[in-house]
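Some notes on the structure that comes next.
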Amino acid sequence: MEETKECVGGGRSRNWKEKMLLEKMKPYLLSIFVAFCQAGFNIISKVYLDKGMNVYVLVAYGFAIGAVTTAVLASLFERKNESKLSLPTCLNIFLLGFLGVLNRILFYIGLEHTSSAFAAAMNNLTPLMTFILAILCRMEKLDISKLSGLAKLGGTIVGLGGATLMTLYKGITVLSVHNPYTHQQKSASKIFQDKKLVIGSLVLLIQTITAAALIILQTTTVRNYPAPMTLTSLISLVGTLLSTTLAAIIDHKASSWRLSWDNTLVAPIYNGIVIFGITIFVQTRVIQMRGPVFTSAFRPLTTVIVAIMALLILGEELHLGGVIGATMIILGLYAILWGKEDEKKKRLMEPVICDKEIEIKAEKQ
């Protein structure tokens, strides 16, 4: 009987340990899942843009499907939302919808002119641009007398340097699925980026600024309206109206709006359901579990996955300038994240230190 109890107790203990391990691993697994989803978005978007799909129509369909998806998720998970829409919040939602449309259009145009791996690498600049805008908006402090402040400043400089290198310098082909010697000879004679790639790089650079502005405004809006999925649904609705109007003005052809399963339907469905719906919801859960710094730390993983998928699926080449520049951007990102995390730890320690000082003074008296 005693042996049976021990076996039962041991089994329960193992189950408990497994559950605890799974709970600890959950934010990591969810973050990796998000990275794969975002990588898929880059690849699918590039494929359909290269097939000639209209940028503005793709944006409009993406926002429309995203609005429906997030509305369904909001009705399921935010039924008890009692937040009221004030006039300032409504204005912010309109601005977020406008910035969202602008951000997506710039990303697609930049993607058309460059490659999926290049666009994913440049997207790592978003946290750096967010940090710069946060300082300008006085939402973030920069104290260069502290190591954390120097890390954030250094990370920003290194990251921007990496973006500049990627924009101007191409270099030899580092990796290709085709004949490496032929491509190396071809690329070696062309060290600097051509005009098309430079334009695409600059568009992607502007896109990271709009993405950063989007994050800053969203941060302030969600404080007044703490229902992220409902907020996303409303932003997507505004984005649908704006992008549809813009697409109708720019492209009058009815054929541009036709979708088919074998040609153009996959990209907007993936964009609307996977990115607007699933990814945003999962990211929100990870932020609730581990915070925004933890979530941002997984951003470079998307770059790596996109580079591998683009190499194998699209046959894109990896050039020396892109590899060095992307590495610098990622190092800059982690320097900023480390600085922010270090400051957070010190802020949490301050009340404890103050309490100890009060106790010591009380003992002396």
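The values are calculated or read from the model by the stated rules, or taken from the named source; none is laboratory data. In this text, all values refer to a predicted model and were calculated from it rather than measured experimentally. All Cβ positions, even for glycine, are placed from backbone atoms using ideal geometry, and neighbour counts span all protein chains on display.
Output the residues belonging to segment 289-335 that are polar (S, T, N, Q) and either more than 15 Å from residue 34 (Cα to Cα) or touching a strand residue (DSSP E or B) at 6+ places or on another chain (Cβ under 8 Å) (or both). Full working, then the answer.
Kept after step one, since they are polar (S, T, N, Q), are these residues of segment 289-335: 295-296, 302-303, 327.
The answer is 327, and nothing else.
Which ones in segment 136-165 are surrounded by 14 or more Cβ atoms within 10 Å (Cβ to Cβ) and either in contact with a strand residue (DSSP E or B) (Cβ under 9 Å, 6 or more places away or on another chain) or modelled with pLDDT under 85 (or both)? Listed by number, the residues that qualify are 140, 142.
Residue check: residue 320 meets all listed conditions (1) in contact (Cβ under 8 Å) with a residue 12 or more places away in the chain; (2) in contact with a helix residue (DSSP H, G or I) (Cβ under 7 Å, 6 or more places away or on another chain) but one, namely (2).
Quick test for you: out of 244, 219, pick the one residue that is out of contact with any Gly (no Cβ under 7 Å at 6 or more places or on another chain), within 24 Å of residue 68 (Cα to Cα), modelled with pLDDT of 90 or more and among the β-branched types (Val, Ile, Thr).
On the way: 219 fails: modelled with pLDDT of 90 or more.
Just a single option satisfies the conditions, and that option is 244.
What residue, among those in segment 274-300 that are within 13 Å of the chain's Cα centre (by Cα) and farther than 23 Å from residue 76 by Cβ, is modelled with the lowest pLDDT? Only one residue fits best here, namely 293.
Kindly establish whether residue 250 is loosely packed, with under 15 Cβ neighbours inside 10 Å and either among the β-branched types (Val, Ile, Thr) or under 26 Å from residue 71 (Cα atoms) (or both). Break it down stepwise before answering.
Numbers: loosely packed, with under 15 Cβ neighbours inside 10 Å: yes; either among the β-branched types (Val, Ile, Thr) or under 26 Å from residue 71 (Cα atoms) (or both): yes.
Spelling it out, residue 250 is indeed loosely packed, with under 15 Cβ neighbours inside 10 Å and either among the β-branched types (Val, Ile, Thr) or under 26 Å from residue 71 (Cα atoms) (or both).
Give the residue, chosen from 112, 140, that is among the acidic types (Asp, Glu) and under 25 Å from residue 318 (Cβ atoms). Of 112, 140, the one residue that is among the acidic types (Asp, Glu) and under 25 Å from residue 318 (Cβ atoms) is 112.
Close contacts from segment 332-351, counting a first residue that is over 12 Å from residue 294 (Cα atoms) and of a type in the set (Asp, Glu) and a second that is modelled with pLDDT of 80 or more and surrounded by 16 or more Cβ atoms within 10 Å (Cβ to Cβ), with Cβ to Cβ under 6 Å and a gap of 6+ residues or different chains, come to 342/148; 343/148.
For segment 288-301, indicate whether the set of residues that are surrounded by 20 or more Cβ atoms within 10 Å (Cβ to Cβ) and over 30 Å from residue 167 (Cα atoms) is non-empty. So far as segment 288-301 goes, no, none of its residues is surrounded by 20 or more Cβ atoms within 10 Å (Cβ to Cβ) and over 30 Å from residue 167 (Cα atoms).
Residues are listed down the side, and each one gets a yes or a no for (1) buried (at least 19 other Cβ atoms within 10 Å of the Cβ); (2) modelled with pLDDT under 90; (3) in a loop (DSSP other than H, G, I, E, B):
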residue: 15; (1), (2), (3): no, yes, no
residue: 20; (1), (2), (3): no, yes, no
residue: 26; (1), (2), (3): no, yes, no
residue: 29; (1), (2), (3): no, no, no
residue: 84; (1), (2), (3): no, yes, yes
residue: 94; (1), (2), (3): no, no, no
residue: 104; (1), (2), (3): yes, no, no
